[in-house]
Structure formats: C-alpha cells, structure tokens
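Data block below; observations after.
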Amino acid sequence: MNTPIYIIEETKLRRNLAFISDVAAKADIEIILAFKAFALWKTFPIFREYINSTTASSLGEARLAFEEFGAPAHTYSPAYTPEEFPEIVKCSSHLTFNSLSQYERFHNQAKGVSLGLRVNPEYSEVGTLLYNPCAPGTRFGITYDKLPEQLPADIEGFHCHCHCESGSDVFQRTLVHIEEKFSKWFPQLKWINFGGGHLMTRKDYDVELLIRLMQDFHKRYPWLKVILEPGSAFAWQTGPLVSHVVDIVEDKGIRTAILDVSFTCHMPDCLEMPYMPEVRGAEIVEVDENNLDSYEIRKIPHLYRLGGNSCLSGDFMSSWRFDHELEIGEEVIFEDMIHYTTVKTCTFNGISHPSIGMLHSDGQLEVLRRFGYEDYRNRMD
C-alpha cells in the first residue's frame, strides 16, 4: 500500500480481549473499554463477543457507545453542560459527577441512571505531570474532606482514576490510599470504579496480583461491584502505523528521513509523554541533542532522525539506527500505534491522514477508512 495506514490485527485484538475477559471472570469484576484510548467502532462487533460495556467522557463518546457499541455508557465528564446533559443521560447507564456542585445542578435530570461521584485519593505514581490526575491543583474529583458524612440518597458509586499504563503493584499501593480515605463511605455505595491505566496485557504485568487484590477487596466489601475501565490494555500491541520515506535531508552531519506521517498529527503522545516508539528493524539510540556535533554521533552508521511532513519545526524525533541506508519510498513501520494514537490524530497543516485498516485472522487486509481533502476542508466549514 502506497499510503500510510494504521493496521489493527484481529488475531492480536482477540488475544487481548480473551485475556481481559478471563481476568474479569477470575477477579469477579467488570472490565469495560475506555473510548478515550480506543474508539474504532467498526471493530465493536468483535468487542461485543467479550465485553458488555464501555466508558465515555463526552456526548460524542456516549452516543458512540449507545449507537455503535449497542449499550449505554458509563459516563464521566469534568463538567456537563445544560445543552448536552439530557442526551448524555439517554445514552448512559452510569453517570459520574466530578464535583458536588455539578451533582446539585444536574442530578434531578438523571432519573433511571446509576449516579456516582468522582473522588480524588490525592495519590498517584504517574510521573508525567501532564498525565497525573491527582497532582496538586487537579480539576478532577472530590477529596475526602469535602464529602458529607451522609452521601446524597441517589449516589450509588465512587469513581477514581489514578493510573497511566501502570502495573498491579502500583494499584496495590494506590488502593491503600483509596481505602484509607474513602472506605467509611463504602457501606453507602453499590459500586466502585477504579478507572483506567491498568495495563494488564503488558508482558511484565502481574495479573495474579491484580486478581488477588480484587478477590481480597470483595472479601472486605462483598456488596460492592468493582469496575475497571482500561483503554490501552485492550489495544496494546495490536498493530502498527506503516509510513514511507519521502525524502532524506542532512544538516551539520545529522540525517533526517522525512516521512509521509507526522508525530504532531498522527503520533502526538510521542511528543507529549514523551516516549520513543519502537520502529521495526531499527534500534533506538539516545542522542544528546545539545552535542550533535560530537564525533561519537557522526560515526554511528545508518543513524537517522525521523521527521514528520509538516511545517512544525519540532515535528521530529531522534534517533534510530537501521541496518542499512534508508531509501526514498521504503516503509518505516512504527510498532504499537493503535491505542490512544488513533483517537488523538488531527488534520493540522492539512497533512494527509493515514488510512485505518484491519488485518483479519484469515490474512486479508480490509481498509476500514480512507481520509481525503474533504475531511480537512469540512473541519474548517
């Protein structure tokens, strides 16, 4: 294929789904899909074979759950608006308020929906401030000192989110803080949602620890239904972004392979986290950007920056060593580019958006979506 494309592999997706379904059964919890990480709705028929619900954080995501996934969403938003709230209610089975003021404003309009409050345990081990939901000054959730002793009668659950691609050992330590600060309210609840960031499909994740934690939690609070809502775990390592070299330039001894994709537009987390994505057939080489003229860098063979095809100066990452000289037209394949990446793309600069495809279990590649000029133009309408 001559155009860039995200390819989700059905076999790998089903592997993750079967694994997550098994964990949910053993731990006696419900695990639901977070659209903020994955929302390729043409794959939802596969998801419905393994899970029953999803989580939404906006009207758009709530409608996607209701209309395309075929089940009402577990919905949370930092702040609902009067214009959107009635339709969100129609598309939701569970609805979490971020603040007591939001609860007071809207709860009477949410009849027939299980209501909850987002709480903030003031503890998170997420190192990147941009992704830490419990950092000082956070806009997310209610701290224990602001909750009334007796919760409103229609509040049935607590929701908290403290993780980002974390291990179960982190959850174990976090759970201590959650219970210390909020367990006195548990007898008033029916459910608790421990949010996302539980990366249980990663190879080094201790799944048995997660199962034990949940089994022990059930022993302490047998009346509470437990919900986890990971996003990345569902689509972890399920497919690449395939790009192509369109030119190779050099300045001060630094070579950059310009690609037909963009970090800014099509892989934004690489720049935001930041993290270096794996490139098939290449080795990541740490380069001191303040010492680019060093002899050590210059003598490394087949070393390249990879640059996006936008006019943004910072739309590049450095560096990768290949086992050969790159040539114009050859593929550069970024691994594990389905979760978060596919939902965070943009059309900045009018850069051509990669297609989205599925490699089916029988080896057939189906293009689910092609993007064109109209997609860029219509956003500006």
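Read-outs: derived from the displayed coordinates by stated rules, not from any lab. These numbers come from a predicted model, not from an experiment. Note that we place each Cβ from the backbone using ideal geometry, even for glycine, and neighbour counts take in every protein chain shown.
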Mean Cβ count within 10 Å, highest first, over the residues of peptides 263-274, 210-221, 135-146: 263-274, 210-221, 135-146
Rel. contact order, % - alpha carbon contacts under 8 angstrom, at least six apart, the chain: 20 percent
Helix 168-182 vs. the chain, principal-axis angle (Cα, 0 to 90°, nearest 10): 30 degrees
Local net charge near Asn120, Cβ-Cβ under 15 Å (Lys/Arg +1, Asp/Glu -1): -1
Fully extended contour minus Cα-Cα distance, from Thr143 to Asn378, at 0.36 nm per residue: 80.4 nm
Packing rank of 151-158, 319-326, where each peptide gets the mean count of other beta carbons within 10 Å, highest leading: 151-158, 319-326
Computed [θ] at 222 nm, helices only, for the chain once each DSSP H run of length n ≥ 4 contributes -39500 (n - 2.57): -6500 deg cm²/dmol
Residues in the range 329-346 reached by a label modelled at Val285 [backbone nitrogen below 15 Å; 7 Å Cα→Cβ]: none
Label of the coordinate-derived value, semi-axes √(5λ) of the Cα gyration tensor in Å, listed as [x] 40, 23, 21; [y] 46, 27, 17; [z] 36, 21, 21: [x]
Pairs from Lys111/Lys225; Lys252/Lys299; Lys184/Lys225; Lys225/Lys344; Lys26/Lys225 whose Cα-Cα separation, in the structure shown, is over 24 Å: Lys225/Lys344
Under 14 Å from the Cα of Lys36 - aspartates and glutamates, other chains or at least 8 residues apart: Glu61, Glu165, Glu229, Asp269
For peptides 332-342, 106-116, sequence by mean Cβ density within 10 Å, most packed first: 332-342, 106-116
Three principal axis lengths of the range 10-235 [C-alpha, angstrom, descending]: 46, 38, 35
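So what is the relative contact order of the range 241-379, in percent, for Cα pairs below 8 Å that sit 6 or more residues apart?
30 percent
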Inter-label distance for Lys184 and Ala153, nm, one decimal - labels placed 7 Å from Cα along Cα-to-Cβ: 2.4 nm
Separation in nanometres of the label points that stand 7 Å from Cα toward Cβ, at Val176 and Lys344: 3.0 nm
Distance in nm between pseudo-label sites at His107 and Glu325 (7 Å out along the Cβ direction from Cα): 7.1 nm
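Residue separation times 0.36 nm, minus the C-alpha to C-alpha distance between Arg15 and Ser313: what's the value? If you can, show how the numbers build up before the last one.
Numbers: separation 298, 0.36 × 298 = 107.28 nm, distance 3.94 nm.
The Arg15-Ser313 span can extend by a further 103.3 nm.
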Charged-residue dipole, Cβ positions (Lys, Arg, Asp, Glu), the chain about Cα centre, Debye nearest 20: 1240 debye
